[in-house]
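Take a look at the structure set out below.
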Amino acid sequence: MIWYPYQQMKTMKEPYKITNAEGVYLYTEDRKMIDSVSSWWSVIHGYKHPVLTEAMKSQADRFSHVMLGGLTHEPVQKLADKLAKWLPGDLDYCFFSDSGSVAVEVALKMALQYYVNKKDFKRTKVLSLTHAYHGDTFKAMEVGDDEDYHFILEAYGEKKDVIHIPTQIQALEEVFAARHEEFNCFIVEPLLQGAGGMRMYDISFLKRARQLCDQFGVLLVFDEVATGFGRTGNRFVADLVQPDILVLGKALTGGYIGHAVTVANHKVYNGFYGDEPWKALMHGPTFMGNALACAVALKSIELFEEEDYISKIRRIEEITRREMQGFKHPKIREVRMMGGCVCVEVKDAKDLSGFQQFAFERGVFSRPFLNYMYAMVPYVITEEELVKVLQVMKEWFSIR
């Protein structure tokens, strides 16, 4: 029996059984529906894209996987080289893993060991944001701040190694002034906090964070697992403010297969480089640098570049603002829009009960959570398809 995610198995409704998928559409036995959430924000090119499918098939004809321990291969070398050239500044060193959560764990481990390697044992704490979500593995949960997902950590009592602050410059300056000597890193979901409620904030906060991290010797980590590859309207938020460590996942492979990467700048990498064996990063996911994943990721990046996906995302935001700007209802707290994301936050989660089935019956797959109805559509969506998604969201409130 399948144990499904984020569900009480005793009371969960039967999931929709998908028999096929193509473009922006998911198919059940008797209907099709637009996937308005891109399979947890990853399928940016749509389903069954011929270029991506061929990349995986072609690589599988050679080999599907070899470990990176003592071995290497062309797809992982090409992907690392491509990312080093494609990413801003000196974000050049790629440590691959098999999921975004693991990639966050690697980033946090890097940040701590960077200072341990310098014999600085005081910097044991991590600065993070309120409402943060960085994954469901243990350290990722600890730097997160979402009691709906991570209440299990209450069993350990009060957090001792993580400090959370809101996205306010005053709070940022105060915590750095008081505790900067304790922090090894400051980890953020830049501009857009995903599972914590699609919360959006201003770039000025990140610019000030960069200044303070430089001033006090704290590493800045951007978790762009959700925000990377255009979701905020920027290629990467790291293009605007450069972190020391960047985490990518989800859309890295166009949603075809699980893969992620933790990218370090020269300063971080050089903190591990030397003759001493104990300075090495002792981490190694079995499927890091998987050949199938690397092959499809390379083609995904090529598509993103060659077909000017930033323009596609700008058009998605333009249409979304046209359709949703000024949309109000007594049950709605706020409508938020940024790049390829729109979120309708309601005052009471009960007011979204039944929306998933409502949308399904109208040809849209949606997955609201808590107080949040949202869409993060594939970038290949047409205007007509996008308008349909947004109309279904608005229509729900017309019957409330």
Reported label for calculated Rg/Rh (Cα atoms, Kirkwood Rh) given (1) 0.98; (2) 0.96; (3) 1.06: (2)
Cα pairs beyond 11 Å in segment 270-309, in percent, come to 72 percent
State the answer as a single residue: which of 194, 171, 184 lies farthest towards the positive end of the charge dipole of segment 148-233, with beta carbon charges of +1 for Lys and Arg and -1 for Asp and Glu, about the Cα centre. 194
Cα-centre dipole for the chain with unit charges at Cβ (Lys and Arg positive, Asp and Glu negative), debye to 20: 460 debye
At R0 = 35 Å, FRET efficiency that the Cβ-Cβ distance of residue 383 and residue 81 yields, to 0.05: 0.45
Using alpha carbon centers only, segment 156-180 is separated from segment 50-129 by a whole-angstrom value of 28 Å
Residue 54 to residue 173: extension gain in nm, 0.36 nm per residue of separation minus the Cα-Cα distance? 37.8 nm
Cβ crowding within 10 Å averaged over residues, with 182-195, 147-160 ranked highest first: 182-195, 147-160
Express in Å², to the nearest 10, the accessible area of residue 305 obtained by rolling a 1.4 Å probe over the protein heavy atoms while all chains stay in place. 80 Å²
Rolling a 1.4 angstrom probe over the protein chains, ignoring ligands and nucleic acids, what is the accessible area of residue 134 in square angstrom, nearest 10? 10 Å²
Give me a comma-separated list of calculated 3J(HN,Hα) values for segment 269-275, in order, Karplus coefficients 6.51, -1.76, 1.60 applied at θ = phi - 60°, integers in Hz, x for any Gly or Pro. 4, 5, x, 10, 8, x, 7
I'd like to compare 65-78, 83-96: which one has the highest average count of other Cβ atoms within 10 Å, and what's the full order after that? 83-96, 65-78
The chain: calculated mean residue ellipticity at 222 nm from DSSP helix runs of at least 4, using -39500 (n - 2.57): -10500 deg cm²/dmol
Sorted by mean Cβ packing within 10 Å, highest first, what order do the peptides 122-128, 308-314 take? 122-128, 308-314
Cross-link partners of residue 331 among lysines (Cα-Cα below 21 Å; sequence separation of 8 or more within a chain): 347, 350, 394
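The values are calculated or read from the model by the stated rules, or taken from the named source; none is laboratory data. These figures come from a predicted structure and were not determined experimentally. No Cβ is skipped: glycine too gets one built from the backbone with ideal geometry, and neighbour counts run over all protein chains shown. Just the protein is used for accessible areas: all its heavy atoms, side chains included, with ligands, DNA and RNA removed. Shrake-Rupley method; radii C 1.70, N 1.55, O 1.52, S 1.80 Å.
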